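Read the structure below first, then the notes.
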Amino acid sequence: MKFIEMLSERWQNAGSMLCVGLDPNPTRFPHELAGRSTALYDFCCGIIDATADLVCAFKPQIAYFASCGAEAELKAVIDYIHANHPKVPVILDAKRGDIGSTAEHYAREAFERYEADCVTLSPFMGFDTIKPYLAYENKGAFILCRTSNPGGDDIQMLEVNGEKIYERLARLAATEWNLNGELGLVVGATYPAELANVRRIAPNLPLLVPGIGAQGGDIRACVEAGKTAEGTGMVINSGRAIIYASREDNWKEAARKTAIATRDSIQAAV
């Protein structure tokens, strides 16, 4: 099944546009996992099982695994999702941005080594960055467009020939770059006006929206700005606020409770 088909199925059947980000930081793990050799894997799988029925996707962040030398655990976590929750797509948050044969290897890493359903990409080097990933016709890619960090203004808000950089990125992703129909855009919840503008330029593309929860983005404002005419089209990510809801023995229950509240807030805004 194609990535966007998987997403659409989750939007409809799970009634959710919530994505849980898997950003495992051992210094914040529950106390009961302290000293356990399998702590990273056990933590991620515990969060996954506690929230899988509530989400449209999971988004493991590759740096959190790689910095611990835990690439094998990342593969095992993705395998666990595919085996136990096969209808939930996995977005590998890698933000790759190279070209040529290097980009081809990054694409192999994401889609063959880790078997993710989608990957995040940085478009600074243009279409040459995107093209190698399009060879995987069933896989998706979210292109950084208007990111949630204040420093995004440095480049993304520059105007060239009457068009801001982020607007041009949105237009390219919605048209000539989208050769396999599986592209989406990353737009931060912290900038609802720009989010609405991206939705105007790309009315049908899925939008990966970070910035709620720990980053303080307003759920209602971002949903009103970014939803499609059908009331879907968004992958609204929350990581730390959910996965670190508690360090006590109730950590799975606390994560689930926070995920339910977040999902319900999103649906109420819709």
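The values are calculated or read from the model by the stated rules, or taken from the named source; none is laboratory data. Computed from a predicted model, the values in this text were never measured in an experiment. So basically every Cβ, Gly included, is an ideal-geometry build from the backbone, and we count neighbours across all protein chains shown. The accessibility values were calculated without ligands, DNA or RNA, using every heavy atom of the protein model including side chains. Shrake-Rupley method; radii C 1.70, N 1.55, O 1.52, S 1.80 Å.
Put +1 on the Cβ of every Lys and Arg and -1 on every Asp and Glu Cβ in the chain; which of Gly188, Ala72, Leu92 then has its Cα farthest towards the positive end of the dipole?
Gly188
Can you list the HN-Hα couplings for segment 94-102, worked out from phi with the Karplus curve (6.51, -1.76, 1.60; θ = phi - 60°), rounded to whole Hz and with x for Gly and Pro?
10, 6, 5, x, 9, 10, x, 5, 5
Take the Cα atoms of segment 3-268, build their convex hull, and give its volume per residue in Å³. Could the numbers behind the result be given before it?
Numbers: hull volume 31.0 nm³, N = 266.
Residue-normalised Cα hull volume stands at 116 Å³.
Can you give me the accessible area per residue for the chain, using a 1.4 Å probe, in Å²?
Values: 11360 Å² over 270 residues.
The answer is 42 Å² per residue.
How large is ³J(HN,Hα) for each residue in segment 259-270, as worked out from phi by the Karplus curve 6.51 cos²θ - 1.76 cosθ + 1.60 (θ = phi - 60°), to whole Hz, x for Gly and Pro?
In residue order, the calculated couplings are 5, 4, 4, 5, 4, 5, 5, 5, 5, 5, 5, 4 Hz.
Just from its helices, what would the mean residue ellipticity at 222 nm be for the chain, if runs of 4 or more DSSP H residues each count -39500 (n - 2.57) and the sum is divided by every residue, rounded to the nearest 500 deg cm²/dmol?
On the way: 12 runs with 115 residues, N = 270.
After summing the helix terms and dividing by the residues of the chain, the value is -12500 deg cm²/dmol.
First obtain the Kirkwood hydrodynamic radius of segment 1-139 from its Cα pairs, then insert it into the Stokes-Einstein equation at 4 °C and 1.567 mPa s, and state the resulting D in µm² per second as a whole number.
Working: Rh = 15.6 Å.
Diffusion coefficient, whole number: 83 µm²/s.
Give the longest segment of the chain that steers clear of GluC sites (Glu not before Pro) in DSSP loops with at most 15 neighbouring Cβ atoms within 10 Å, not counting the sites themselves. Please list the in-between numbers first.
On the way: sites that count: Glu115, Glu137, Glu176, Glu230, Glu248.
Within the chain, the longest run free of exposed GluC sites (Glu not before Pro) spans 1-114.
Mark the label point 7 Å from the Cα of Glu253 along Cα→Cβ and return the residues of segment 17-51 whose backbone N is within less than 13 Å of it.
none
Going by alpha carbons, how many degrees (0 to 90, nearest 10) lie between the helix axis of 39-51 and the longest principal axis of the chain?
The answer is roughly 70 degrees.
Once amide H atoms are placed 1.01 Å from N in the peptide plane, what residues at a sequence separation of 5 or more from Lys95, or on another chain, have their amide H within under 5 Å of its amide H?
Residues meeting the amide H criterion: Thr120, Leu121.
Antiparallel versus total DSSP beta bridges in segment 3-268: what percent is that, nearest 5?
Values: 2 of 28 bridges.
Among the beta bridges of segment 3-268, antiparallel pairing accounts for roughly 5 percent.
Using a Gaussian network model on the chain with a 10 Å cutoff between Cα atoms, which of Arg199, Arg247, Arg146 fluctuates the most?
Of Arg199, Arg247, Arg146, the Gaussian network model singles out Arg247 as fluctuating most.
Amide H neighbours of Cys19 under 5 Å, counting only residues 5+ apart in sequence or on other chains, H built in-plane at 1.01 Å?
Cys56, Ile236, Asn237, Ser238
Dipole of the chain, Cα-centred, from +1 at each Lys and Arg C-beta and -1 at each Asp and Glu C-beta, to the nearest 20 debye?
Numbers: 27 positive and 34 negative charges, 68 e Å.
Result for the chain is approximately 320 debye, rounded to the nearest 20.
Give, in nm to one decimal, the length gained when the segment between Lys87 and Thr175 is fully stretched (0.36 nm per residue of separation minus the Cα-Cα distance).
Details: separation 88, 0.36 × 88 = 31.68 nm, distance 2.79 nm.
Between Lys87 and Thr175, full extension yields an extra 28.9 nm.
In segment 80-163, carbon and sulfur make up what percent of the accessible area (probe 1.4 Å)? It would help to have the intermediate numbers written out before the result.
Values: 1950 of 4000 Å².
Carbon-and-sulfur percentage of accessible area, whole number: 49.
How much length is gained if the chain between Arg200 and Asp49 is pulled fully straight, taking 0.36 nm per residue apart and subtracting their Cα-Cα distance, in nm to one decimal?
Numbers: separation 151, 0.36 × 151 = 54.36 nm, distance 3.60 nm.
My answer for the length gained is 50.8 nm.
Based on the Cβ-Cβ distance from Phe124 to Cys68, what FRET efficiency comes out when R0 is 30 Å, to the nearest 0.05?
Details: r = 27 Å, r/R0 = 0.91.
Efficiency, rounded to the nearest 0.05: 0.65.
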